[in-house]
Amino acid sequence: MQKQFTQAKLELVQGDITKAEIDAIVNAANEKLIGGGGVDGAIRRAGGDAVVKACDVIRAQQGGCPTGKAVITTGGNLPAQYIIHTVGPIWQGGNAGEAALLASCYKESLQLAAENEVKSIAFPSISTGVYGYPTKNAASVALETIRDLAESNAMIPELIQFVLFDDATYSCYADALSDI
Ligand code: ADP
C-alpha cells in the first residue's frame, strides 16, 4: 500500500527491516544504545561489530540518545548504508507526552536522514513492541507526522517505507494510512 505526498512517497510493506534494500533503516533503540531485543537485537545482529562499535563511540561521547532524539551510524553488514537509531517513548497511559515524543522520533530521524543525503528510508513500528505503545495510536501519530512533513517544505527522503513485521501491525498502519 502506498500514498504520494508533495515531497515524498510513503509505502507500507510487511517483512524484516534488516533485509531492506534501502539507503537507511531506522532502529527502535534504547537510551543507552546498548543492544536490546526486538527489532534492535535483529538490526545489531545483522549489522555486526561495526554497528555495535559505532554505538559505543556515541555512548562514550554523549552518553547515549535521549527519548525522542536520533543518532546515525554505519549500517555495517546490512544492505542499508546507514542506521538511524531513535528512542521511542515507553507507553505510560498516554498522558506523559508519549505522542509528542513519538512524533519527535519520526521528525528527528527524517531530518538526520536529509542531512546525510539519504534518498530512501525504512522505519519499523517504533515503541509498539516492548515499549507498549498501542499500535493503532502509534500508527496514526507516525503517519500524520510524516504526512505533515511531506506536505511542508521540509527536506526529507523521497521514499519513506514502513517495514512492518506482523499482520496485526501491518493492518493498523494500513487503516491509519487510509484514514489520512
Ligand atoms: P520498542 O522497544 O520500541 O517497542 P520493539 O523492537 O520491541 O521496539 O518492537 C517494535 C516493533 O518492531 C514491533 O512491531 C516488532 O514486532 C517489530 N519488529 C521486531 N523485529 C523486527 C524486524 N526484524 N523487522 C521489522 N520489525 C520488527
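Within 15 Å of the ligand (Cβ to nearest atom), part of a helix (DSSP H, G or I) and open to solvent by 40 Å² or more (accessible area, probe 1.4 Å), is that true of R45? In short, yes. Under the condition of being over 15 Å from V26 (Cα atoms), part of a helix (DSSP H, G or I) and not aliphatic (A, V, I, L, M), the residues counted in region 53-71 number 5. Condition test on V26, is it assigned to a helix (DSSP H, G or I) and touching a strand residue (DSSP E or B) at 6+ places or on another chain (Cβ under 8 Å)? Taking the combined requirement at face value, the residue does not satisfy it.
Please state which one of A113, A142, A176 is over 23 Å from G75 (Cβ atoms) and open to solvent by less than 30 Å² (accessible area, probe 1.4 Å). When all the criteria are applied, what remains is A176.
Selection within region 52-94: residues that are within 14 Å of the ligand (Cβ to nearest atom) and β-branched (V, I, T). The member of this set that is most open to solvent (accessible area, probe 1.4 Å) is I90. Restricted to region 29-42, and to residues that are near the ligand (Cβ under 10 Å from one of its atoms) and open to solvent by 40 Å² or more (accessible area, probe 1.4 Å), which residue is modelled with the lowest pLDDT? Among those that are near the ligand (Cβ under 10 Å from one of its atoms) and open to solvent by 40 Å² or more (accessible area, probe 1.4 Å), it is G37.
Taking residues in region 8-24 that are of a type outside the set (S, T, Y), and partners anywhere that are part of a helix (DSSP H, G or I) and open to solvent by 50 Å² or more (accessible area, probe 1.4 Å), the pairs with Cβ atoms closer than 9 Å and at least 6 places apart or on different chains are L10/R147; L12/Y170; V13/Y170; Q14/D167; Q14/Y170. Residues of region 1-23 that are in a loop (DSSP other than H, G, I, E, B), within 13 Å of the ligand (Cβ to nearest atom) and closer than 19 Å to G76 by Cα: D16, A20, I22.
From the set of residues in region 116-139 that are of a type in the set (S, T, N, Q) and within 14 Å of the ligand (Cβ to nearest atom), which is surrounded by the fewest Cβ atoms within 10 Å (Cβ to Cβ)?
Initially, region 116-139 is screened for residues of a type in the set (S, T, N, Q), giving 116, 120, 125, 127-128, 135, 137.
Going one step further and asking which of them are within 14 Å of the ligand (Cβ to nearest atom), we end up with 125, 127-128, 135, 137.
Working: S125: 24, S127: 27, T128: 27, T135: 21, N137: 18.
Taking the candidates together, the pick is N137.
The values are calculated or read from the model by the stated rules, or taken from the named source; none is laboratory data. For clarity, every value in this text was computed on a predicted model and none was experimentally measured. Here the Cβ is made from the backbone with ideal geometry for all residues, glycine too, and neighbour counts use every protein chain on show. For the accessible areas, the whole protein counts, side chains as well, though only heavy atoms, and no ligand, DNA or RNA atoms are used. Shrake-Rupley method; radii C 1.70, N 1.55, O 1.52, S 1.80 Å.
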